[in-house]
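Heads up, the thing below is written out as structure tokens.
The values are calculated or read from the model by the stated rules, or taken from the named source; none is laboratory data. Just so it is clear, the structure is predicted and the values come from calculations on it, not from any experiment. Heads up, the Cβs are rebuilt from the backbone with ideal geometry, glycines too, and the neighbour counts pull from every protein chain shown.
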Amino acid sequence: MIKEVVDRISDNIQKVIVGKREVIELTMVALLCEGHILLEDVPGIGKTMLAKAIARSIGCAFRRIQFTPDLLPSDVTGISFFNQKNQEFEFRPGPLMAQIVLADEINRATPRTQSALLEAMQEHQLTIDGETYSLPRPFMVLATQNPIELEGTFPLPEAQIDRFLIQLGLGYPSEEEENAILLRFEREDPLETLGPVVDAAVLLEMQRDVRTIRVEESVRRYIVQVARSTREHPAVELGVSPRGTLSLYKTAQALAAIEGREYVIPDDVKRLAPYVLTHRIIISPQTRLRGRTPEEVMMEIVGSVPVPVEE
């Protein structure tokens, strides 16, 4: 059932997003895990359109927050104000009280405003003036940042980055895909007519079902060994936290479900590790000076861990 529904959602998103099947599938993995995505790519690639297409395909409320240096935490979460007419305090929700939230150019906001997302992303709730408000579910944050422009930006702290389940980049389309984009948008914007193919209730049920996907002892230990290897590699200054290990476990379950299997295989782990773990490691300055990237180090780590084989 999960495979059929995800295929339906993916096909619907591809009415707007040309190609990028791998990115859409990984987005579905994050959605099934109720995790968050960090999209790092240059402007104009389709990051905002992807977020809108997801929201419309699953019939969820969508809000976009443009992060700027003067944005305040209350502009994101909402405020509690005194209503003189009723003579009592009322809560006016901010844009974070939605189901699919696009945090556009998140690294342009100050660390104080960035931290306003932490509680929402981890605990699916907001605490304002001592009152706790539950966020609607499903809930997902898609944050974007431009890897080229560094002037006037505030790098995300490790605690913030660790809250993102997956980091993705869309990349430029191929020549054929770019030609298809021109044809598709020639007369109208397909996003305007895009409708939902499932509702939130179905998605919540799928999120529960994903947790029942079987993970054998050997595969579970393989996941642990991959995560622990990041802490022991000489090129890595800071390895993956246990939250990262759990993220790899949950995403492997989701990918298996999307592939139509009731069990996780080692290939699921190998395929997901670069997307789930790379942004959680910090390589040493010496490694960076040698021209190596976290992506290269992560691939080396995954390749060095023995893969369990069926006896």
Next on the checklist: Go through (1) surrounded by 18 or more Cβ atoms within 10 Å (Cβ to Cβ); (2) of a type in the set (S, T, N, Q); (3) over 30 Å from Ala109 (Cα atoms) for Ser247 and report which single condition fails.
Outcome noted: (3)
Checklist entry - For Thr48, all conditions in the list (1) touching a helix residue (DSSP H, G or I) at 6+ places or on another chain (Cβ under 8 Å); (2) outside any strand (DSSP E or B); (3) under 30 Å from Ser115 (Cβ atoms); (4) at pLDDT below 90 hold save one; what is the number of the exception? => result (1)
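When you go through Val240, Val197, Val269 one by one, which is the residue that is within 20 Å of the chain's Cα centre (by Cα) and in a loop (DSSP other than H, G, I, E, B)?
On the way: Val197 fails: within 20 Å of the chain's Cα centre (by Cα); Val269 fails: in a loop (DSSP other than H, G, I, E, B).
Criteria check complete, one pass: Val240.
Would you please name the residue that is farthest from Val264 (Cα to Cα), looking only at residues in the stretch 200-237 that are of a type in the set (Asp, Glu) and not in a loop (DSSP other than H, G, I, E, B)?
Of the stretch 200-237, the ones of a type in the set (Asp, Glu) are 205, 209, 216-217, 232, 237.
From the residues that got through so far, the ones that are not in a loop (DSSP other than H, G, I, E, B) too are 205, 209, 217, 232, 237.
Details: Glu205: 20, Asp209: 14, Glu217: 11, Glu232: 26, Glu237: 30 Å.
The qualifying residue farthest from Val264 (Cα to Cα) is Glu237.
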Checklist outcome for this item: Among (1) in a loop (DSSP other than H, G, I, E, B); (2) under 24 Å from the mean Cα position of the chain (by Cα); (3) assigned by TED's automatic domain parsing to the domain that holds Lys15, Glu188 falls short only on (2)
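Test Arg261 against the stated conditions and say whether it is within 30 Å of Asp209 (Cβ to Cβ) and more than 22 Å from the chain's Cα centre (by Cα). Spell out how you get there, then give the answer.
Numbers: within 30 Å of Asp209 (Cβ to Cβ): yes; more than 22 Å from the chain's Cα centre (by Cα): yes.
Yes; evaluated as a whole, the condition is true for this residue.
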Checklist entry - Tell me, which residue of the stretch 291-311 that is exposed (fewer than 10 other Cβ atoms within 10 Å of the Cβ) and among the charged types (D, E, K, R) is farthest from Arg220 (Cα to Cα)? => result Glu311
Next on the checklist: So Pro93 ticks every box in (1) crowded, with 20+ Cβ neighbours inside 10 Å; (2) under 15 Å from Leu72 (Cα atoms); (3) in contact (Cβ under 8 Å) with a residue 40 or more places away in the chain but one. Which box is left unticked?
Outcome noted: (1)
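Yes or no: Leu272 under 30 Å from Arg56 (Cβ atoms) and in contact with a Pro (Cβ under 8 Å, 6 or more places away or on another chain)? It would help to see each step written out before you state the result.
Values: under 30 Å from Arg56 (Cβ atoms): yes; in contact with a Pro (Cβ under 8 Å, 6 or more places away or on another chain): no.
Considered against the rule, which asks whether it is under 30 Å from Arg56 (Cβ atoms) and in contact with a Pro (Cβ under 8 Å, 6 or more places away or on another chain), Leu272 comes out as no.
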Checklist entry - Within the set of pairs 6 or more residues apart or between chains, which connect a residue that is in contact (Cβ under 8 Å) with a residue 60 or more places away in the chain inside the stretch 268-295 to a residue that is polar (S, T, N, Q) with Cβ atoms less than 6 Å apart? => result Leu272/Thr251; Val276/Ser247; Val276/Thr251; His279/Gln167
Checklist outcome for this item: Across (1) farther than 23 Å from Ala159 by Cβ; (2) in contact with a strand residue (DSSP E or B) (Cβ under 8 Å, 6 or more places away or on another chain), Phe67 clears everything bar (1)
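On the basis of being modelled with pLDDT of 90 or more, surrounded by fewer than 20 Cβ atoms within 10 Å (Cβ to Cβ) and under 27 Å from Glu175 (Cα atoms), does Glu25 make the cut? Talk me through it step by step, then tell me what you get.
Working: modelled with pLDDT of 90 or more: yes; surrounded by fewer than 20 Cβ atoms within 10 Å (Cβ to Cβ): yes; under 27 Å from Glu175 (Cα atoms): yes.
So Glu25 passes the test.
Residue-wise test of (1) touching a strand residue (DSSP E or B) at 6+ places or on another chain (Cβ under 7 Å); (2) over 26 Å from Ile283 (Cα atoms).
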{"site": "Ala200", "(1), (2)": "no, yes"}
{"site": "Leu203", "(1), (2)": "no, yes"}
{"site": "Gln207", "(1), (2)": "no, yes"}
{"site": "Arg211", "(1), (2)": "no, yes"}
{"site": "Arg214", "(1), (2)": "yes, yes"}
{"site": "Ser218", "(1), (2)": "no, yes"}
{"site": "Tyr222", "(1), (2)": "no, no"}
{"site": "Val226", "(1), (2)": "no, no"}
{"site": "Glu232", "(1), (2)": "no, no"}
Checklist entry - Could you say whether any residue in the stretch 62-82 is in contact with a Gly (Cβ under 9 Å, 6 or more places away or on another chain) and modelled with pLDDT of 90 or more? => result yes
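Among the strands (runs of 3 or more DSSP E) lying completely within the stretch 78-159, list those that include at least 1 residues that are of a type in the set (Val, Ile, Thr) and within 30 Å of Leu238 (Cα to Cα). Break it down into steps so the answer makes sense when it comes.
On the way: elements: 78-83, 88-93, 100-104, 125-128, 131-134, 140-145.
Qualifying strands (runs of 3 or more DSSP E): 100-104, 140-145.
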Checklist entry - Yes or no: Thr132 in the same structural domain as Ser74 (by TED's automatic domain parsing), touching a residue at least 40 places away in the same chain (Cβ under 8 Å) and at negative phi? => result no
